Amino acid sequence: IDDFPDHPFKVRDDEDMMQLVESVKERGVITPATVRQKEDGRYELVSGHRRKRACELAGFETLRCEVVDLTRDEATILMVESNFQRSQILPSEKAFAYKMRLEAMNRQAGRPKKENSTPVVSDFERQRTNEVLANEVGESREQIRRYIRLTNLVPELLDLVDEGRMKMRPAVEISFLDVDC
């Protein structure tokens, strides 16, 4: 089973993971992971990265999975949706997840219609994809844009945002600066 490429959510070997490892040792994997078959015949993990890691740490060689028939874009959307159920999500994880999901939604929606006043954003069920995403996740369109702007930051600044040592708005403003060094 291959990990999902560019998976934006970190799998940490922290206290929560150790609790999951103990649970897996005692009860096994209660909810199967979700995988899709790739063109090369291998399987790609869509959801269940933490469960997979817990099985590895518990010494298991197998992971109970459900195989689903999904396109790459459908898998991206499902991967993002399933990980938003986590109790703690870092700003960087949200940023890259929103970006991946919006790109997948735009590809699914296809080319914008002529009457679309913003041709860089695809129509999706007669709405702009960023509006659909905002409604689905309970954030404003502008907040989604701010998160996605974080993906342009250098890793050191993004770490400061994740650690809470820099607020998101100033970080987003920094990402707009065009500084020659």
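Read the figures in this text as sums done on the coordinates, not as results from a lab. These numbers come from a predicted model, not from an experiment. Note: ideal-geometry Cβ built from the backbone for every residue, glycine included; neighbour counts use all protein chains shown.
Considering only the chain, what is the antiparallel percent among its DSSP beta bridges, to the nearest 5?
60
Under 1.5 on a/c is rounded, so check that first for the stretch 1-115, then, if it is not, pick prolate when a/b is larger than b/c and oblate when it is not; a ≥ b ≥ c are the square roots of the alpha carbon gyration tensor eigenvalues. Numbers along the way, then the final one.
On the way: a/c = 2.89, a/b = 1.65, b/c = 1.75.
Oblate, because a/c is 1.5 or more while a/b does not exceed b/c.
Excluding same-chain pairs closer than 8 in sequence, count the lysine pairs in the chain whose Cα atoms lie under 28 Å apart.
Count of close lysine pairs: 16.
Under 8 Å for C-alpha pairs, at least 6 residues apart: give me the relative contact order for the chain, rounded to a whole percent.
Relative contact order of the chain: 16 percent.
Around GLU66, which amide H atoms from residues at least 5 apart in sequence, or from another chain, sit under 5 Å from its own amide H, with H modelled in the peptide plane?
Residues meeting the criterion, in which the H sits 1.01 Å from N, are ALA33, THR34, VAL35.
What is the set of long-range amide H partners of MET166 at a cut-off below 5 Å, with H atoms built 1.01 Å from backbone N?
When sequence neighbours closer than 5 places are left aside, the close amide H contacts are VAL161.
Using amide H atoms built 1.01 Å from N in the peptide plane, name the residues 5+ places from GLN127, or on other chains, whose amide H lies under 5 Å from its own.
Answer set, sorted by chain and number: none.
If you count, for each residue, the other Cβ atoms within 10 Å and average over each peptide, how do 52-61, 70-79 line up from highest to lowest?
70-79, 52-61
What does the charge count around ASP16 come to, taking other residues whose C-beta lies under 13 Å from its C-beta (Lys +1, Arg +1, Asp -1, Glu -1)?
Details: positive: LYS10, ARG12, ARG50, ARG51, ARG53, ARG86; negative: ASP13, ASP14, GLU15, GLU22.
Net charge around ASP16: +2.
Please list 3J(HN,Hα) in residue order for the stretch 64-74, calculated via the Karplus relation 6.51 cos²θ - 1.76 cosθ + 1.60 where θ = phi - 60°; whole Hz, with x for glycine and proline.
My calculation for the stretch 64-74 gives 5, 9, 10, 8, 10, 9, 9, 6, 4, 5, 4 Hz in order.
Using 7 Å Cα-to-Cβ label points, what is the GLN108/LYS38 separation (nm, one decimal)?
Label at GLN108, label at LYS38, 2.2 nm between them.
Between helix 91-109 and the chain, what is the angle of the helix's C-alpha long axis to the longest principal axis, kept within 0 to 90° and rounded to the nearest 10?
Orientation of helix 91-109: about 70 degrees from the principal axis.
Give me the angle, in degrees from 0 to 90, between the Cα long axis of helix 15-27 and the longest principal axis of the Cα atoms of the chain, rounded to the nearest 10.
For 15-27 against the chain, the angle is about 40 degrees.
³J(HN,Hα) across the stretch 136-152 via Karplus (A = 6.51, B = -1.76, C = 1.60, θ = phi - 60°), whole Hz, x for Gly/Pro?
3J(HN,Hα) across the stretch 136-152, in whole Hz: 5, 9, x, 10, 7, 4, 5, 5, 4, 4, 4, 4, 5, 4, 4, 5, 8.
Taking the Cα atoms only, what angle lies between the long axis of helix 49-58 and the longest principal axis of the chain, rounded to 10 degrees?
With both axes taken from Cα atoms, the answer is about 30 degrees.
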